[in-house]
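**Student:** I have a structure here, written as structure tokens, and I will follow up with some questions on it.
The values are calculated or read from the model by the stated rules, or taken from the named source; none is laboratory data. Since the structure is predicted, the reported quantities are computational estimates derived from the model, not experimental observations. So basically every Cβ, Gly included, is an ideal-geometry build from the backbone, and we count neighbours across all protein chains shown.
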Amino acid sequence: MLAHLITVAGEREILPRLTAALADISGGTGNAFFTGIIGGTVHLLRPQDIYAGGVNRPVVMVELKLPNIGLPDPAARAAFITAATDIVDALTEPGHDRGDTWVNILNALDGGWGIGGIAYTGEALIAAVTAAAV
């Protein structure tokens, strides 16, 4: 196995840990609706198929997609980026360079976040999260 890859255990643990970090930073820990709408996938590529700066490099990329109300300010986004990088550091083989962890946050426009055929506005999502907290 080549160095700089996510460990076998890390492949299973990364999404639960990223979910917990996002919920914590967003203030949604313990909210069933909020936690229930955090989802993700892990895409494992062969090391020889990963490039950065035009050269083959073992980069781990974390891409977060969420509605525009999620991580609404630079401080919240910075906190998630740090937490996600720390999680990757804990789950990669020894020798992984922290500079080879990239985090990208993408926000859907208001009404552009859909679950179960429902297009949620930010206001509707806040209402659903608030109702679940009661």
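Condition check ((1) surrounded by 12 or more Cβ atoms within 10 Å (Cβ to Cβ); (2) of a type outside the set (G, A, S); (3) at pLDDT 90 or above) across all residues:
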position	(1), (2), (3)
L5	yes, yes, no
G10	yes, no, yes
L18	yes, yes, yes
A21	yes, no, yes
T29	yes, yes, yes
G39	no, no, no
P67	yes, yes, no
D89	yes, yes, yes
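**Student:** Quick one: G99 ticks every box in (1) under 19 Å from L5 (Cα atoms); (2) of a type outside the set (S, T, N, Q); (3) modelled with pLDDT under 90 except a single one, so which number is it?
**Tutor:** Only one criterion is unmet by G99, namely (3).
Here is a yes/no grid of residues against (1) assigned to a loop (DSSP other than H, G, I, E, B); (2) among the hydroxyl-bearing types (S, T, Y); (3) touching a residue at least 60 places away in the same chain (Cβ under 8 Å):
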site	(1), (2), (3)
A9	no, no, yes
E13	no, no, yes
P16	no, no, no
G39	yes, no, no
N104	no, no, no
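**Student:** Restricted to the range 94-121, and to residues that are surrounded by 15 or more Cβ atoms within 10 Å (Cβ to Cβ) and out of contact with any strand residue (DSSP E or B) (no Cβ under 6 Å at 6 or more places or on another chain), which residue is farthest from V60 (Cα to Cα)?
**Tutor:** T121
**Student:** Tell me which residues, restricted to the range 41-76, are part of a strand (DSSP E or B), β-branched (V, I, T) and in contact (Cβ under 8 Å) with a residue 12 or more places away in the chain.
**Tutor:** V60, V62
**Student:** Can you name the residue in the range 99-134 that is in contact with a helix residue (DSSP H, G or I) (Cβ under 6 Å, 6 or more places away or on another chain) and of a type in the set (V, I, T) and is also nearest to P67 (Cα to Cα) among such residues?
**Tutor:** I105
**Student:** Considering only residues of the range 106-130 that are assigned to a strand (DSSP E or B) and in contact (Cβ under 8 Å) with a residue 24 or more places away in the chain, which is farthest from the chain's Cα centre (by Cα)?
**Tutor:** Y120
**Student:** Does at least one position in the range 41-50 carry a residue that is closer than 30 Å to V134 by Cα and surrounded by 12 or more Cβ atoms within 10 Å (Cβ to Cβ)?
**Tutor:** no
**Student:** Okay, next question. What number of residues within the range 77-102 satisfy the criterion of being part of a helix (DSSP H, G or I) and within 13 Å of the chain's Cα centre (by Cα)?
**Tutor:** 12
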